[in-house]
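Below: the structure, in structure tokens.
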Amino acid sequence: MADKITPLIAGNWKMNGTSASLAEIARLAGLLAAGPPPRCTVLICPPATLLAPLTAIAAPAGILTGGQDCHPRPSGAHTGDIGAPMLADAGARYVILGHSERRADHAEGSELVCSKAAAAIGAGLTPIICVGETEAERRSGDAERVVATQLAASVPGDWGGCGIAVAYEPVWAIGTGLTPTAADIARMHATIRQLLEARFGAAGAGVPILYGGSLKPGNARDILAIENVNGGLVGGASLLANDFHAIISAV
Ligand code: PGA
């Protein structure tokens, strides 16, 4: 990992968790307190219903929290949606945007993701902008072109103070137990780094690029050691404190 980038280990609880799950955060806080200080920023992105109560438990333990989506507008007549200032008000510091499940389930395109990212930045949140190819796109040799296109259209031009993070999440690796080879991850992260530097110069060199897709305690050490992998976006393995703590400890 590049020395100057503080690694980020982000848990994405997706549509999982009720108030009973808050015990898992108390357990994670206990595990973190019992060991050496983590060598990374630790982030949990729970469902919006848990953001405020989870932040109340997480914040004193140094665990940051984030949302899983936001609307491009700050407020208004948008039933069922959540504005970025609302996430910030509930304690969020980050928001995941353009996750492949939202791109698939809600037909979100990169232009929409870009406007959501701009809204997040406007509310003082750091967007974690997700990109990644499908299995068919990888098989046809199109993975790098797809990711480059998503990246160019999803990342806003101006992100000043709160910064951004990018998550490379091959769609076929999410929740499947499959992961790309270390060489494939290294190649894609290097491509993303080059594109960020070409567009943003030194600021692009400082953007954390997270790997996501079946990151587990058993593979975290190897994957997190790959050049330009500056942390992880963790789904299933973030739901249990022991597993998530093992990934944090692998940094
Ligand atoms: P996974 O999910 O770790 O369960 O594969 C990753 C993600 O979708 O962020």
Across the stretch 8-26, which residue is farthest from ASP105 (Cα to Cα) among those that are surrounded by fewer than 15 Cβ atoms within 10 Å (Cβ to Cβ) and away from the ligand (no atom under 12 Å from the Cβ)?
ALA26
Contact list, first residue from the stretch 22-40 and assigned to a helix (DSSP H, G or I), second anywhere and surrounded by fewer than 11 Cβ atoms within 10 Å (Cβ to Cβ), beta-carbon distance below 8 Å, six or more apart or interchain, is ALA29/PRO60
Across the stretch 188-221, what is the number of residues that are surrounded by fewer than 19 Cβ atoms within 10 Å (Cβ to Cβ), over 16 Å from LEU151 (Cβ atoms) and hydrophobic (A, V, I, L, M, F, W, C)?
1
Which is modelled with pLDDT under 95, within 16 Å of the ligand (Cβ to nearest atom) and of a type outside the set (Val, Ile, Thr), of SER214, SER238?
SER214
Which is under 28 Å from GLY35 (Cβ atoms) and either assigned to a helix (DSSP H, G or I) or within 16 Å of the ligand (Cβ to nearest atom) (or both), of ILE223, ILE192?
ILE223
Could you list all residues from the stretch 6-21 that are farther than 23 Å from ILE174 by Cβ and in a helix (DSSP H, G or I)?
SER19, ALA20
Quick one: in the stretch 152-170, of everything that is hydrophobic (A, V, I, L, M, F, W, C) and crowded, with 21+ Cβ neighbours inside 10 Å, which residue is farthest from ALA198 (Cα to Cα)?
ALA167
Let me spell it out: the conditions are (1) buried (at least 17 other Cβ atoms within 10 Å of the Cβ); (2) free of Cβ contacts under 8 Å to residues at least 24 places away in the same chain; (3) outside any helix (DSSP H, G or I), and VAL146 meets all of them except one. Which number is the exception?
(3)
Index of the failed condition, ALA183 passing every other in (1) farther than 26 Å from ASP222 by Cβ; (2) away from the ligand (no atom under 16 Å from the Cβ); (3) part of a helix (DSSP H, G or I); (4) of a type in the set (A, V, I, L, M, F, W, C)
(1)
State which residue is surrounded by the fewest Cβ atoms within 10 Å (Cβ to Cβ) when the search covers only the stretch 41-93 and only residues that are small (Gly, Ala, Ser), closer than 22 Å to SER110 by Cα and without any contact (Cβ under 8 Å) to a residue 12 or more places away in the chain.
GLY80
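This table checks each residue for (1) of a type in the set (S, T, N, Q); (2) over 19 Å from LEU233 (Cα atoms); (3) modelled with pLDDT of 95 or more; (4) not in a loop (DSSP other than H, G, I, E, B).
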{"site": "ILE44", "(1), (2), (3), (4)": "no, no, yes, yes"}
{"site": "ILE57", "(1), (2), (3), (4)": "no, yes, yes, yes"}
{"site": "PRO60", "(1), (2), (3), (4)": "no, yes, yes, yes"}
{"site": "THR65", "(1), (2), (3), (4)": "yes, no, yes, yes"}
{"site": "MET86", "(1), (2), (3), (4)": "no, yes, yes, yes"}
{"site": "VAL95", "(1), (2), (3), (4)": "no, no, yes, yes"}
{"site": "GLU101", "(1), (2), (3), (4)": "no, no, yes, yes"}
Just for the stretch 116-153: of the residues that are touching a Lys or Arg at 6+ places or on another chain (Cβ under 9 Å) and polar (S, T, N, Q), which one is nearest to GLY91 (Cα to Cα)?
THR126
For the stretch 226-251, which residues satisfy the criterion of being over 17 Å from ALA182 (Cβ atoms), of a type in the set (A, V, I, L, M, F, W, C) and part of a helix (DSSP H, G or I)?
ALA237, ALA241, PHE244, ALA246, ILE248
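The values are calculated or read from the model by the stated rules, or taken from the named source; none is laboratory data. What you see is a predicted model; the values in this text were computed from it and never measured. Virtual Cβ from ideal backbone geometry, glycine too; neighbours counted across all protein chains shown.
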